[in-house]
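Below you'll find the structure, written out as structure tokens, and then a few comments.
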Amino acid sequence: MISAASHLPLLNGNKNFKSSIKKATMKKTILGFFVLVFFTGNKYLFAQENYNTQKVYKVGVFAPLYLDSVFTNYQLRSDKTIPKFIMPAVDFVQGAEIALDTLSLFNQRVEAFIYDTKSFTQPLPWLIQNKLLDSFDLIIGCVKDTDFKVLADFSAKKNIPFISATYPNDGGVSGNPNLIIINSTLKAHCEGIYSYILQNHGTDKIILLKKPGVQEDKIASYFKTQNEQEGKPLLNIQTIHVDSTISSYFLKSRLDSTKRTVIIAASLDESFAKTVANACFAIRKSYPLILIGMPNWDGFKIFTAKNAYKDFPVHFTTPYYNSKSNWFNTTLTNEYLRRYKTKPSDMAYRGFETIYMFTKLLLRYPGNILSHLNDKSQTIFNEHNFRPVFLKKGALQPDYFENKHLYIMRILNGAVSREW
């Protein structure tokens, strides 16, 4: 048995890429061990045993690495820094590589290909036009916008499952039951917030604060649709239209000091989040409040400082919660530290989880992944609840599948923890 391996080097600070990084597709053959192959033009090298009769499953992993922009003749354009904008994709790929290296295949065979979607010489349309992706059994993408749409259209045409690992959007795609969205859409987050309120705060006063804006209109409509599924409102949700300068005095005039109030801040805008949080914080001692923001609020710097909004929690939803207490976490953390001398980022976790989970599903249910998306035995870090999404009533097939499992998190004194 022949074994060879090569890995992406640490992409961080003043570290340089080693010469082993190539500006083309990477291929890994897995036979219970792994071989990483770097393509250069039409030439490639790999090592494997000769199993002529055994099925080889092929997995394509796509991420915007921008290698042609970062390298010149296999050398970094800058010797001092790595562009920050490529790091999420690099972390995702490095997590994916560790997942491939730790998979238990039980004598099954997988070939995994990692493509740079921002390649100058082999862009996605070129790969598709030259039929280089036709033989895949599974496509996994850390992509968005145009790349997402191209892969989604290709998966629909070729009937290949496409796992969208990080993009919280359907990209306008419809009629593609091969599309699986892991990072829940804004609509799903609104449904999750509504479900949480219905189950835990149905008798409380509920206020939805909305400022003018197209995105804000969508959020309000999602709550309205969810609340009126039976033709009339199930919860008494009061929508208050405000501008960007809401004050604690204005807010106080709408509250009851003898009753708890749930406030839904219906905007993705950071300045609005700060304005609402400031208004709530100023009156929190006299008016019992629960503030729920949107899924991107965990990325706002205003909430990360320990002394910001002291002892006043701000809530948000997320499909990602890692207790960091299982074998997979230990494996990823130790191996990432060994290879790259640092801890894995959130994107590395997502790369590891997505590749490990869906490659295992492919091997366990070849040709029938869609019927087993919620196989709990394949849980890695996060729980999932993939549900078919029908954009039109009476449709015979789903437009895509989406992860509807969301966690209610809270930020308190700069620390994030799970609440529900």
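Of the residues making up the stretch 82-96, those that are in contact with a helix residue (DSSP H, G or I) (Cβ under 8 Å, 6 or more places away or on another chain) and either over 20 Å from D147 (Cβ atoms) or surrounded by 17 or more Cβ atoms within 10 Å (Cβ to Cβ) (or both) are I82, I86, P88, A89, D91, F92, V93, Q94, G95, A96.
Of the listed requirements (1) in contact (Cβ under 8 Å) with a residue 12 or more places away in the chain; (2) assigned to a helix (DSSP H, G or I); (3) surrounded by fewer than 15 Cβ atoms within 10 Å (Cβ to Cβ); (4) among the charged types (D, E, K, R), R338 misses just one: (1).
Listed here are the residues, each with its yes/no results for (1) of a type outside the set (K, R); (2) at pLDDT below 95; (3) assigned by TED's automatic domain parsing to the domain that holds L209; (4) exposed (fewer than 15 other Cβ atoms within 10 Å of the Cβ).
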residue	(1), (2), (3), (4)
V242	yes, yes, yes, no
I246	yes, yes, yes, no
L289	yes, no, yes, no
D298	yes, yes, yes, no
F303	yes, yes, yes, no
N307	yes, yes, yes, yes
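Candidates I197, I182, I246: the one that is out of contact with any Cys (no Cβ under 7 Å at 6 or more places or on another chain) and closer than 30 Å to I140 by Cβ is I182.
Considering only residues in the stretch 362-420 that are assigned to a loop (DSSP other than H, G, I, E, B) and among the basic types (K, R), the one that is farthest from Y349 (Cα to Cα) turns out to be K393.
Only residues that are loosely packed, with under 15 Cβ neighbours inside 10 Å and out of contact with any strand residue (DSSP E or B) (no Cβ under 8 Å at 6 or more places or on another chain) were counted in the stretch 253-275, giving 4.
Is it true that some residue in the stretch 306-320 is basic (K, R) and in a helix (DSSP H, G or I)? Taking every residue of the stretch 306-320 in turn, none turns out to be basic (K, R) and in a helix (DSSP H, G or I). Residue-level check: of (1) under 25 Å from G299 (Cα atoms); (2) buried (at least 17 other Cβ atoms within 10 Å of the Cβ), T359 misses just (1). Please work out if F328 is part of a helix (DSSP H, G or I), surrounded by 19 or more Cβ atoms within 10 Å (Cβ to Cβ) and not assigned by TED's automatic domain parsing to the domain that holds Y196. In short, yes. Among the residues in the stretch 172-194, are any touching a residue at least 40 places away in the same chain (Cβ under 8 Å), crowded, with 18+ Cβ neighbours inside 10 Å, more than 24 Å from K392 (Cα to Cα) and under 21 Å from the mean Cα position of the chain (by Cα)? Checking the stretch 172-194: not a single residue is touching a residue at least 40 places away in the same chain (Cβ under 8 Å), crowded, with 18+ Cβ neighbours inside 10 Å, more than 24 Å from K392 (Cα to Cα) and under 21 Å from the mean Cα position of the chain (by Cα).
Within the stretch 106-143, can you find the residues that are over 23 Å from F71 (Cα atoms) and either surrounded by 17 or more Cβ atoms within 10 Å (Cβ to Cβ) or outside the structural domain of L363 (by TED's automatic domain parsing) (or both)? Working first, answer last.
Let us first name the residues in the stretch 106-143 that are over 23 Å from F71 (Cα atoms), namely 106-112, 128-140.
Answer for the stretch 106-143, where residues must be over 23 Å from F71 (Cα atoms) and either surrounded by 17 or more Cβ atoms within 10 Å (Cβ to Cβ) or outside the structural domain of L363 (by TED's automatic domain parsing) (or both): Q108, R109, V110, E111, A112, I128, L133, F136, D137, L138, I139, I140.
Whether any residue in the stretch 410-418 is in contact with a helix residue (DSSP H, G or I) (Cβ under 8 Å, 6 or more places away or on another chain) and either surrounded by 18 or more Cβ atoms within 10 Å (Cβ to Cβ) or closer than 24 Å to V56 by Cα (or both) is what I want to check. Yes, there is a match, as at least one residue in the stretch 410-418 is in contact with a helix residue (DSSP H, G or I) (Cβ under 8 Å, 6 or more places away or on another chain) and either surrounded by 18 or more Cβ atoms within 10 Å (Cβ to Cβ) or closer than 24 Å to V56 by Cα (or both).
What tally of residues in the stretch 78-114 results from selecting those that are in a helix (DSSP H, G or I) and touching a residue at least 24 places away in the same chain (Cβ under 8 Å)? Residues in the stretch 78-114 being in a helix (DSSP H, G or I) and touching a residue at least 24 places away in the same chain (Cβ under 8 Å): 17 in total. Taking the criterion of being farther than 11 Å from L251 by Cα and among the β-branched types (V, I, T), the residues of the stretch 279-295 that qualify are I290, I292. Among the residues of the stretch 271-298, just one is among the charged types (D, E, K, R) and touching a helix residue (DSSP H, G or I) at 6+ places or on another chain (Cβ under 7 Å), namely K274. Consider the stretch 249-298 and keep the residues that are in a helix (DSSP H, G or I) and polar (S, T, N, Q). The one that is nearest to K187 (Cα to Cα) is S271. For the stretch 163-190, the set of residues classified as under 24 Å from V59 (Cβ atoms) and either part of a strand (DSSP E or B) or of a type in the set (A, V, I, L, M) (or both) consists of I163, S164, A165, V173, L179, I180, I181, I182, listed by residue number. Selection within the stretch 115-155: residues that are under 18 Å from I182 (Cβ atoms) and in a helix (DSSP H, G or I). The member of this set that is farthest from the chain's Cα centre (by Cα) is S155. Looking only at the stretch 195-215, which residues are surrounded by fewer than 21 Cβ atoms within 10 Å (Cβ to Cβ) and in a helix (DSSP H, G or I)? Answer for the stretch 195-215, where residues must be surrounded by fewer than 21 Cβ atoms within 10 Å (Cβ to Cβ) and in a helix (DSSP H, G or I): S195, Y196, L198, Q199, N200, V214, Q215.
The values are calculated or read from the model by the stated rules, or taken from the named source; none is laboratory data. As the structure is a prediction and not an experimental result, all values here were calculated from the model. Using ideal geometry, Cβ is built from the backbone for each residue, glycine included, and neighbour counts are taken over all protein chains shown.
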